[in-house]
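> Starting off with a structure, shown below.
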Amino acid sequence: MSRPEREAPAIGIDIGGTKLAGGLVDAGGRISHRTQAATPEDTVGIVAAIARLAAELLETADGPVAGVGLACAGLVDGHHGHLWFAPNLPWRDIDLAGEVEQRLGRPVVVENDANAAAWGEYRHGTGAAADTDAMALITVGTGIGGGAVAGDQLLRGSFGAGGEIGHVVLDPDGPRCGCGNRGCLEVFASGSALVRTAREVIHSSSPHVQGLRDRCGGDADRLTGEDVTAAAVDGDQAAVELLADLGARLGEGIATLCAVLDPGLVVIGGGVADAGDLLLGPAAASLGRRIVGRGYRPSPDLALATLGNDAGIVGVAALARESAS
Ligand SMILES: [Zn+2]
């Protein structure tokens, strides 16, 4: 690819269960144009809608476009653009890249959304300024997602199923996880876990949790993860402790990740990351107690993600640009 093309914008489209969100992303990772559409219910409709969004963004671009990338939750073979399984869409075993390429008349890159987000943070977010070529992104939202970079390459694995740090098992006798196993990191350290434990303490009679009780009008079922995070940021002691417990479990998961990947940087994103140092501090302390070789080696830096919900669009656009070079 010639230099002008390498600096051309690329298109990233994030395929969600309810919404398709697209952006024209410049070589610096900035989104200059955005477009979106509701996700149709049928496979043919979704492919057609993706092609329409891509065509609209191609039209918007003032010059050549370096590539088109699609980010999708599920088991994705990023090497071949094949999607094996999407949890939120009616897709099983389809040649997604081929289907969209046929309509668009140009090559298309497909990647798992968490992998794309990790690449976005690595290239254009928190990782861009870091002096390391090995990084992990852990997204702490309703569940826990993740992606990893090793040797300046996105770690795709063989079957599109790598980077699922949320399902690293911390306690095989622990509570049941949505994946069917027990005691995964996700059941201890996700936003859902935060809400579950907060509701448990609200149901206790401790005066310690009056602040959280007040936030949900006394109805624990109305409490959200955002409520707990906001309470912690406001200094509510019970909420601070809940986030510290969650951060400690997250640190255990990161220690396990470090035993395999040895990243120089671990980036934490997702809604629970809004708690900032109230989450990162306990996670770093827990990691320091568990990382293999502790006392004789540096720990990776822990830092907050900076691209937010745009990470998938920015990352898959960067992958599309780079795959064309
Ligand atoms: Zn699990």
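The values are calculated or read from the model by the stated rules, or taken from the named source; none is laboratory data. No experiment lies behind these values; they were computed from the predicted model shown. Neighbour counts run over all protein chains shown; Cβ positions are idealised from the backbone, glycine included. To get the accessible areas, we keep the full protein, side chains included, count just its heavy atoms, and leave off ligands, DNA and RNA. Shrake-Rupley method; radii C 1.70, N 1.55, O 1.52, S 1.80 Å.
> Return the equivalent ellipsoid semi-axes of region 3-112 as a descending list in whole Å, where each equals the square root of 5 times an eigenvalue of the C-alpha gyration tensor. It would help to have the intermediate numbers written out before the result.
On the way: eigenvalues 103, 42, 29 Å².
Taking √(5λ) for each Cα gyration eigenvalue gives 23, 14, 12 Å.
> How large is the convex hull of the Cα atoms of the chain per residue, expressed in Å³ as a whole number?
Numbers: hull volume 46.1 nm³, N = 325.
For the chain, the hull spanned by Cα atoms encloses 142 Å³ per residue.
> Scanning the chain for GluC sites (Glu not before Pro) in DSSP loops with at most 16 other Cβ atoms within 10 Å, what's the longest stretch left with none? Spell out each step's value before the answer.
Details: sites that count: E7, E41.
With a cap of 16 other Cβ atoms within 10 Å, the longest stretch comes to 42-325.
> Which percent, nearest 5, of DSSP beta bridges in region 3-112 are antiparallel? Let's see the in-between values first.
Numbers: 18 of 28 bridges.
Within region 3-112, antiparallel bridges account for around 65 percent of the total.
> A follow-up question, please. Would you check the accessible area of I202, probe 1.4 Å, heavy atoms only, in square angstrom rounded to 10?
Accessible surface of I202 is approximately 10 Å².
> For the chain, what are the DSSP H helices with axial Cα length of 30 Å or more and mean Kyte-Doolittle hydropathy of at least -1.0? Provide the component values of the computation, followed by the final result.
Details: long enough: 237-261 (35 Å, 1.14).
Helices meeting the span and hydropathy rule in the chain are 237-261.
> Between G270, G295, G120, which gets the highest mean-square fluctuation from a Gaussian network model of the chain, Cα cutoff 10 Å?
G295
> Still on this structure, I have one more. With a 1.4 Å probe and all protein chains kept in place, how do D227, D301 rank by accessible area, largest first?
On the way: D227 40, D301 100 Å².
My answer, sorted largest first, is D301, D227.
> What do you reckon, how do H80, H124, H208 stack up by accessible area (1.4 Å probe), largest on top? Let's see the in-between values first.
Details: H80 135, H124 45, H208 85 Å².
Of H80, H124, H208, the descending order of accessible area is H80, H208, H124.
> Pick from A255, A114, A61 the residue whose mean-square fluctuation is largest in a GNM of the chain, springs joining Cα atoms under 10 Å.
A61
> In whole Å, how far is the Cα centre of region 216-253 from that of region 140-206?
Here the answer is 16 Å between Cα centres.
> Would you mind telling me the antiparallel percentage of the DSSP bridges in the chain, rounded to 5? Don't skip to the answer; put the middle values down first.
On the way: 28 of 47 bridges.
For the chain, the DSSP antiparallel bridge percentage is about 60.
> Continuing with this model, one more query. From the protein chains alone at 1.4 Å, what is the descending order of accessible area for T18, T224, largest first?
Working: T18 115, T224 50 Å².
Accessible-area ranking of T18, T224, largest first: T18, T224.
> Same structure, new question: Just to be sure I follow the definition: excluding the sites themselves, where is the longest run in the chain that has none of the chymotrypsin sites (Phe, Trp or Tyr not before Pro) in a DSSP loop with at most 15 other Cβ atoms within 10 Å? The partial results should precede the final answer.
Values: sites that count: F159, Y296.
With a cap of 15 other Cβ atoms within 10 Å, the longest stretch comes to 1-158.
> Which of the three applies to region 60-186, rounded, prolate or oblate, going by the alpha-carbon gyration tensor with a ≥ b ≥ c and a/c under 1.5 meaning rounded?
It is oblate, given that a/c is not under 1.5 and a/b is not larger than b/c.
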